[in-house]
Every structure is written in C-alpha cells, then in structure tokens.
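Here the structure is laid out as structure tokens; the discussion comes afterwards.
The values are calculated or read from the model by the stated rules, or taken from the named source; none is laboratory data. Not measured: the values here are computed from a predicted model. Every residue, glycine among them, receives a Cβ derived from its backbone with ideal geometry; neighbour counts consider all protein chains shown. Just so you know, the surface numbers come from the protein's heavy atoms only, side chains and all, with ligands and any DNA or RNA stripped out. Shrake-Rupley method; radii C 1.70, N 1.55, O 1.52, S 1.80 Å.
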Amino acid sequence: MEERKFVELKKEEFNIREFIKNYLGKGKVSKVAIIYTPIGEKVVMRTNKPGLVIGRGGERVDTLTRILKKRYNFENPQIEIQEVTEKYLDAQTVADDIAMSIENFGSLKFKIVAYRMLKQIEDAGAMGVELKLSGKLPGARARTWRFKKGYLKKVGDSSKVVNKAKAVAQTKSGTVGIEVSILRPDAKIHDHIDLTKKQIVEEVENGKV
Amino acid sequence: MVKFKELSKLTDKEVKQKISELDLDLVKARVTASKGGKVKIRELKKTLARLKMLSRKK
C-alpha cells in the first residue's frame, strides 16, 4: 500500500531529525528540514549558533554527513545551515533555552527564568508571548504555570501564524514540559488593518466611514 | 488602589516608570491568579488605565 510508504518515510525523517538534534546537543538546532533533490538529500538546519554546529574547519558537519550516509543510507547528503538572527523570536530556541536554564538553576528558580525570558521576548518586538511550564514545579506536586503577555491568536485559521514549540527539561524532581508560543512582529493577521492617511481620506469622502 | 489625584502629582518620567513597573506586576498577578484571586488584577488594571490616561494627557 502506498500509504504505508508515506508513513515509513515520515517515521524515518522523524528519526533523522531527532538524531541530528541529539547529536548536536540541546538548544543548538531549532529546526531540521530534509529536502529530496535529484542530486541528493538536502538537510537544512536552522540554528542560532552556526559556529558550534559547523565545528572547527567544518569538522562536525563532515562527521554528520558521514553518519547520515552510513546509518540512514543517504546517497549524497548536503548540509545547509541557516542562521536564526532573532534568537528570542524563535520558539524552539526559546523553549530549549528555558529547559536548559531550569536544568542548570534547579526547579526552584523557574519563575525568575520565565519572567526574564518573557521580558527578552517582549523587547525583541514580539506582539504576544505565552510560556507554559508543567511538571513538579517548585515542589513535589505537579501543576501548570502559565506566563503570558501581549496579544496571541489561539484558535482558528489565523492562529497558524503563531510560532509554537515544545521542549523537555529533566530536573531532580522529575520531567518538566515547556511550551512556547510567540506571535512575531512580522506575522500577518487578518484582523490587523493598516490604513494610510490617503486611504482614510478616501474612505471618509466616499461616505463609508 | 491609588487615587487619581495622587497619580496626577507624578512627573512624566515617574508615570512612565510606574507603568512599566505595574505592567510586570500585572503579569505576575496573572500567573498567581489561581492562588491570589482576581482582586489584585482588577486593581492593577484600573491603576494602569489611570496612568495611561495621564500619560496621554501630558
């Protein structure tokens, strides 16, 4: 059956993505895309630390290419690296950052971590942010903490513009789940209308307003 | 809750500073809303509204 092939392919892609993320380490890569081209496979990685991903003289990329060839039977893998310029507007990077901070500072300081991150995301120009931390924070009883600020689309077609990501932190008391939603400043929202002065004058003259 | 008369004595700079302070307080109050209740949120929102009106007037 054809469908089974699709599922297999997607499973394989998922495994490759997870492998690359684990190989490079938490918080290094925000997105991995695999594009199949006639000359080979193109692996596009989005990262905010391209130097760490590439390695000295392209050492890490070479090793990764070799592993991909050997383990996943890629014919000619080409690794492309895209840099994330605005670190705080990329949900996956932020989620990984929070996870690492919670792991380093311990689960007691999660509020400080969250407020600091919220401020930095807001300063980066985001229209809205929401951080959800769920797990045994700060004590033995689990609950969900929600930190939010600004304007965020939740449901419907327009909510597709929201950049969402998840990450997991392993603390002493247990696993903590982190969900991040960011509405970027350049996101196109249907109910947001920009009118120039000329347009307003025209509207008034036509008697529409 | 802070009265409008008291707020109007503040200078431009103080008003801006107070707005940013209360903004953070509002976020914090919303996080702990399930524990602390919503009275604090309401008060903060009203004070913020007064301050914003003042800053617009000035």
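For peptide A:142-149, the mean count of partner chain Cβ atoms within 10 Å of a residue's Cβ comes to 3. Fully extending the segment from A:Lys132 to A:Lys11, taken as 0.36 nm per residue of separation minus the present Cα-Cα distance, adds 40.8 nm. Computed with a 1.4 Å probe over protein heavy atoms only, the accessible surface of chain A comes to 63 Å² per residue. Peptide A:114-125 has a mean shielding of 1, counted as Cβ atoms of other protein chains within 10 Å of each residue's Cβ. Principal-axis analysis of the Cα atoms of chain B puts helix B:39-57 at an angle of about 20° to the longest axis. The phi-based Karplus calculation (6.51 cos²θ - 1.76 cosθ + 1.60; θ = phi - 60°) puts the 3J(HN,Hα) values of region B:17-29 at 5, 5, 4, 5, 5, 5, 4, 5, 4, 5, 4, 5, 5 Hz, whole numbers, x for Gly and Pro. Modelled label positions at B:Glu43 and A:Glu2, each set 7 Å beyond Cα in the direction of Cβ, lie 6.6 nm from each other.
Counting Cβ atoms of other protein chains within 10 Å of each Cβ in B:24-35 and taking the mean gives 3. With all protein chains in place and a 1.4 Å probe, the accessible surface of region A:58-209 carries 49 percent carbon and sulfur.
Were the residues from A:Asn76 through A:Tyr23 laid out at 0.36 nm apart, the gain over their Cα-Cα distance would be 17.1 nm.
With a 1.4 Å probe, how much accessible area is buried between chains B and A, both sides summed, in Å² to the nearest hundred? Accessible area lost upon association: around 700 Å². Of the cross-linked pairs A:Lys28/A:Lys188; B:Lys5/B:Lys57; A:Lys28/A:Lys148; A:Lys188/B:Lys16, those separated by over 23 Å at the C-alpha level are A:Lys28/A:Lys188; A:Lys28/A:Lys148; A:Lys188/B:Lys16. Peptides A:126-132, A:191-197, A:116-122, B:42-48, ordered by how many other C-beta atoms sit within 10 Å of their residues on average, highest first, read A:126-132, A:116-122, B:42-48, A:191-197.
For the cross-link pairs A:Lys42/A:Lys69; A:Lys11/A:Lys164; A:Lys87/A:Lys166; B:Lys18/B:Lys38, the ones whose C-alpha atoms lie over 19 Å apart are A:Lys11/A:Lys164; B:Lys18/B:Lys38. Each Cα pair under 8 Å and six or more residues apart adds its sequence gap; the mean of these over the residue count of chain A is a relative contact order of 16 percent.
Taking every alpha-carbon pair in the protein assembly as shown and binning the separations at 5 Å intervals from zero gives 1, 5, 9, 11, 12, 13, 13, 11, 8, 5, 5, 4, 2, 1, 0, 0 percent. Straight-line reach only, C-alpha to C-alpha below 14 angstrom: list the aspartates and glutamates that B:Lys13 could link to, leaving out same-chain residues fewer than 8 apart. The reachable aspartates and glutamates, counting only those whose Cα sits under 14 Å from B:Lys13, are B:Glu21. Relative to one another, the C-alpha centroids of region A:188-209 and region A:32-100 are positioned 44 Å apart. So which aspartates and glutamates can A:Lys208 reach, going by Cα to Cα under 13 Å and dropping same-chain residues fewer than 8 places off? The reachable aspartates and glutamates, counting only those whose Cα sits under 13 Å from A:Lys208, number zero.
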